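Everything below concerns the one structure shown next.
Just so it is clear, none of the values below were taken in a lab; they were calculated from the coordinates. For clarity, every value in this text was computed on a predicted model and none was experimentally measured. Don't worry about glycine lacking a Cβ; one is built from the backbone with ideal geometry, like all the others, and counts go over all protein chains shown.
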């Protein structure tokens, strides 16, 4: 097998380091751990070097500098993985540079516009024979994989209800928090009651019992690509809902109150206060658990006309939740490196991350990290 090069942008960050950890067992591979702080990249290499079969190198790289394309031409990567969040407000400079230098591109974006509009790069990507995949994360990467698996069980899908609830002690990055704060209390469109309607970020609070190690948690609205992609992809008749929540009720409800202040325009945008908000929430880091979960509920009718409820839950114990957003990228990267993306996948072009791997391919990674999947069927 010829030597392959993977460039990890943000490779020592909250999600980047986890991806690197999962790729170091690959032989004939050079992993370039890149970011603005080369010393941080080197420290990660020192931690992983003893068990790495891949060749690890630290690279100083700033994606905002004008020499980005010339830097990538010199590095000549086969695949670029972009983990530098938040993607809210980012343009397509990085994937466009990847297209220009002939490198495949995968990112962990969860910003609705960034992921859904990546298709505008499709013609460029096809001309340069590269694959551009956006949203190779929990959403829409894993969520669509789950929906694809259960879609064949149903003749018609009426409602989709997705939720993510991390544990309070689980590690969370500042960029992720900033992305959430950017739309807290701001309006966005969702498909409800068969039509597009407006809701507000981190509002419409409700409590749901997730069972297992998680129990009851509060939820509120989050603005994610699934809300726009899934109604058409799965021919949903009534609604697609996506919510998330904080484990500690008073922190969650404080966010709801913050959303209300933005809704009535007393606070324009909470994102500039990200550091202060994280510092405040860290005062309560000793409370709660490091257990979280992701849940997908599908309501519809089977081929016999009976109404079905399908519930898939992924439990993440002992602080392993932050690995979940990385798994779509890890699976796709390994498939690209091995040439396993077969004829049933589009291997050139620009796409949101949907249909690039199966739930069966996900299962070994779930086992590796101690994640537990549970499915429940109800016919009535």
Counting only backbone N atoms under 19 Å from a point 7 Å out along Cα-to-Cβ of residue 232, the residues of the range 103-118 in range are 110-118
Exposure proxy check on 301, 82: fewest-to-most Cβ neighbours within 10 Å is 301, 82
For the range 58-108, the Debye formula with one identical point scatterer on each Cα and no solvent gives log10 I(q)/I(0) at q = 0.12, 0.19 Å⁻¹ as -0.23, -0.60
Listed with the fewest Cβ neighbours within 10 Å leading, 270, 202, 196, 312 appear as 196, 312, 270, 202
D (µm²/s, integer) via Stokes-Einstein for the range 101-216, Kirkwood Rh across alpha-carbon pairs, 25 °C, 0.890 mPa s: value 141 µm²/s
The range 41-133: relative contact order from alpha carbon pairs under 8 Å, six or more residues apart, as a whole percent, is 25 percent
Of the convex hull drawn through the C-alpha atoms of the range 90-133, the volume per residue in Å³ is 58 Å³
Expressed as a whole-number percentage, the relative contact order of the chain with C-alpha contacts under 8 angstrom and at least six residues apart is 20 percent
So the FRET efficiency between residue 36 and residue 189, C-beta based with R0 = 45 Å and rounded to 0.05, is 0.80
Rh_Kirkwood(the range 146-210) over Cα pairs, Å, one decimal, evaluates to 15.0 Å
For the pair residue 65 and residue 206, the simple spin-label estimate (label points 7 Å beyond Cα toward Cβ) gives in nm 5.0 nm
Length-normalised contact order of the range 266-371, Cα under 8 Å, at least 6 apart, in percent, tallies to 22 percent
Rg/Rh of the range 235-292 (Cα atoms, Kirkwood Rh), to two decimals, equals 1.08
CD proxy, 222 nm, the chain: helix-only mean residue ellipticity via -39,500 (n - 2.57) per DSSP H run with n ≥ 4, per residue, nearest 500, stands at -9500 deg cm²/dmol
Note: the range 11-79 at 37 °C, 0.692 mPa s; Kirkwood Rh on alpha carbon pairs; Stokes-Einstein D in µm²/s works out to 265 µm²/s
For the chain, percent of DSSP beta bridges that are antiparallel (nearest 5) comes out at 55 percent
Log entry: pair-distance distribution for the range 286-364, C-alpha pairs binned every 10 Å from zero, whole % per bin is 13, 34, 29, 21, 3, 0
Residue span residue 379 to residue 213: 0.36 nm per residue of separation minus Cα-Cα distance leaves a gain in nm of 57.2 nm
Note: the range 1-150 at 37 °C, 0.692 mPa s; Kirkwood Rh on alpha carbon pairs; Stokes-Einstein D in µm²/s works out to 208 µm²/s
If each part is reduced to its alpha-carbon centroid, the range 111-190 and the range 1-67 end up apart, in Å, by 25 Å
Output ordering of 154-163, 121-130, 288-297, 359-368 (per-residue mean of other Cβ within 10 Å, highest first) is 288-297, 154-163, 121-130, 359-368
One checks the Cα atoms of the chain and finds Rg and Dmax, in Å, of 20.4, 61
A correct Kirkwood calculation over the Cα atoms of the range 319-380 returns a hydrodynamic radius in Å of 13.5 Å
